[in-house]
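Chemist: Quick one: the structure is below, questions incoming.
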Amino acid sequence: MHNPDAETSTMNEAKPTKIRFEYGDDDEATATGSSNLDEDLPMCDPVDDDKTSADYYFDSYSHFGIHEEMLKDVVRTKTYQNVIYRNTFLFKDKIVLDVGAGTGILSLFCAKAGAKHVYAVECSQMADMAKEIVEANGYSNVITVLKGKIEEIDLPVPQVDIIISEWMGYFLLYENMLNTVLYARDKWLVSNGIVLPDNASLYLTAIEDAEYKEDKIEFWNNVYGFDMSCIRKQSIMEPLVDTVDQNQIVTNCQLLKTMDISKMTSGDASFTAPFKLVAERDDYIHALVAYFDVSFTVCHKPTGFSTGPRSRNTHWKQTVLYLEEVLTICEGESVTGSMTVAQNKKNPRDVDITLKYSLNGQRCVISRTQHYKMR
């Protein structure tokens, strides 16, 4: 998680928070590694003919390996477990909708916490496995697994008290199912119902990353003596999902956007936000890095987790946006600009990012716009 004490106060800057970020109990050391894909997303069987990228996306979540890796993401899974088990008063005798249930792990948590009934909606073939898992654990009378898209299924009940989901994607919004959660909220949630998690925040910082940029981006300028820089132009437009060493961070961390899942509309996921990143030391900047936090504020003790470079690693890692040119920055100087985030018009699971930035420093003066596409 970002370190508020090390930051300089700027507009919309990340402030110290009362949310308690955690990842579990004493068995946290049993984590076997982090994954690189999200589990609880809407999925359905792919169409054999004329497959789109969305079809392959849905199909990928029928494979067991992805779910294994997701379940082994201790930060993610233990936080959800702790939220549910430590707040049984929220779930006792309540009707719960699990959106994008995957293996049904969140539904099982809710059932064990005393939910009256849980409807686990899953669109991939994993729904069949989820039914077996529910039966094997003796919860068939509490959990009903429904196979299909949220937008197409009929719930056996007119309303639910709680909607729970793990909808977040890379960069918070890539390949996510936020719109599906909002659809379910508007259609089935009672007026005083709750959505878990109910808050998500996107942050930005800047890093020095000369070695990796040289290896991943500049490599294309001279490939065994040949100019392949046309590929460089494409590679720099593709954000890199990777784990960033916190020692690479050069500036403060800036809050870009906060989303209240209980109240927001689907259009709120597209936005333009200003930023001001203040250098904490003399250094070079090769990339900007985005990450997100999620929180469950309706709990007895507000809880959440961060995917930032100063927190324990998750399968979401961080999203690295490489800059065309190296910025030379001195302590106290600022990189200012704005980031525009929008769903891709052809595939709403993809994200288009426009980054405008400028630096007017002692050693570097620059102003430019770059475009990125998360595919």
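The values are calculated or read from the model by the stated rules, or taken from the named source; none is laboratory data. The shown structure was predicted, so the numbers you read here are calculated from the model rather than taken from an experiment. Positions of Cβ are generated from backbone atoms using ideal geometry, with glycine treated the same way; all protein chains shown enter the neighbour counts. Ligands, DNA and RNA are excluded from the accessible area calculation, which covers all protein heavy atoms including side chains. Shrake-Rupley method; radii C 1.70, N 1.55, O 1.52, S 1.80 Å.
Chemist: Pick from 38, 48: which is at pLDDT below 75, in contact with a strand residue (DSSP E or B) (Cβ under 6 Å, 6 or more places away or on another chain), outside any helix (DSSP H, G or I) and at negative phi?
Modeler: Within the list 38, 48, the selection yields 38.
Chemist: If you take the residues in the range 184-219 that are open to solvent by 60 Å² or more (accessible area, probe 1.4 Å) and among the aromatic types (Phe, Trp, Tyr), which one is nearest to the chain's Cα centre (by Cα)?
Modeler: Top of the filtered list is 212.
Chemist: Just to verify a result, which residue in the range 314-344, among those that are more than 15 Å from residue 244 (Cβ to Cβ) and outside any strand (DSSP E or B), is nearest to the chain's Cα centre (by Cα)? So that I can check it myself, show each step before the final result.
Modeler: The first filter runs over the range 314-344 and keeps only residues more than 15 Å from residue 244 (Cβ to Cβ), leaving 324-344.
Applying the additional criterion that residues be outside any strand (DSSP E or B) yields 330-333, 344.
Numbers: 330: 32, 331: 31, 332: 30, 333: 30, 344: 17 Å.
Looking at residues that are more than 15 Å from residue 244 (Cβ to Cβ) and outside any strand (DSSP E or B), I get 344.
Chemist: Does any residue in the range 229-253 that is open to solvent by 30 Å² or more (accessible area, probe 1.4 Å) come within less than 6 Å, Cβ to Cβ, of a residue that is part of a strand (DSSP E or B) and of a type in the set (A, V, I, L, M) six or more places away or on a different chain, and which pairs are these?
Modeler: 240/320; 242/320; 248/207
Chemist: Just give me the residues in the range 288-331 being under 23 Å from residue 66 (Cα atoms) and among the basic types (Lys, Arg), in sequence order.
Modeler: 312, 317 - these are the residues of the range 288-331 that are under 23 Å from residue 66 (Cα atoms) and among the basic types (Lys, Arg).
Chemist: So which of 345, 317, 356 ends up being open to solvent by 30 Å² or more (accessible area, probe 1.4 Å), under 12 Å from residue 288 (Cα atoms) and either of a type in the set (D, E, K, R) or in contact with an Asp or Glu (Cβ under 7 Å, 6 or more places away or on another chain) (or both)?
Modeler: Within the list 345, 317, 356, the selection yields 356.
Chemist: Something else about it: Going by what's in this entry, would residue 300 be described as open to solvent by 50 Å² or more (accessible area, probe 1.4 Å), on the phi < 0 side of the Ramachandran plot and modelled with pLDDT under 95?
Modeler: On the way: open to solvent by 50 Å² or more (accessible area, probe 1.4 Å): yes; on the phi < 0 side of the Ramachandran plot: yes; modelled with pLDDT under 95: yes.
Answer is yes for this residue.
Chemist: Then there is this: Of the residues in the range 83-102, how many are β-branched (Val, Ile, Thr) and surrounded by 23 or more Cβ atoms within 10 Å (Cβ to Cβ)?
Modeler: Summing the residues that are β-branched (Val, Ile, Thr) and surrounded by 23 or more Cβ atoms within 10 Å (Cβ to Cβ) in the range 83-102 gives 4.
Chemist: So residue 162 ticks every box in (1) within 30 Å of residue 293 (Cα to Cα); (2) open to solvent by 40 Å² or more (accessible area, probe 1.4 Å) but one. Which box is left unticked?
Modeler: Here residue 162 meets the rest and fails (2).
To keep it simple, each residue is scored yes or no on (1) in a loop (DSSP other than H, G, I, E, B); (2) on the phi < 0 side of the Ramachandran plot; (3) in contact (Cβ under 8 Å) with a residue 40 or more places away in the chain.
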residue: 111; (1), (2), (3): no, yes, no
residue: 124; (1), (2), (3): yes, yes, yes
residue: 128; (1), (2), (3): no, yes, no
residue: 132; (1), (2), (3): no, yes, no
residue: 135; (1), (2), (3): no, yes, no
residue: 150; (1), (2), (3): yes, yes, yes
residue: 155; (1), (2), (3): yes, yes, yes
residue: 163; (1), (2), (3): no, yes, yes
residue: 187; (1), (2), (3): no, yes, no
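Chemist: Next question, about the same structure. Could you tell me whether any residue of the range 294-314 is charged (D, E, K, R), under 22 Å from residue 199 (Cβ atoms) and touching a Lys or Arg at 6+ places or on another chain (Cβ under 9 Å)?
Modeler: Yes, the range 294-314 contains at least one residue that is charged (D, E, K, R), under 22 Å from residue 199 (Cβ atoms) and touching a Lys or Arg at 6+ places or on another chain (Cβ under 9 Å).
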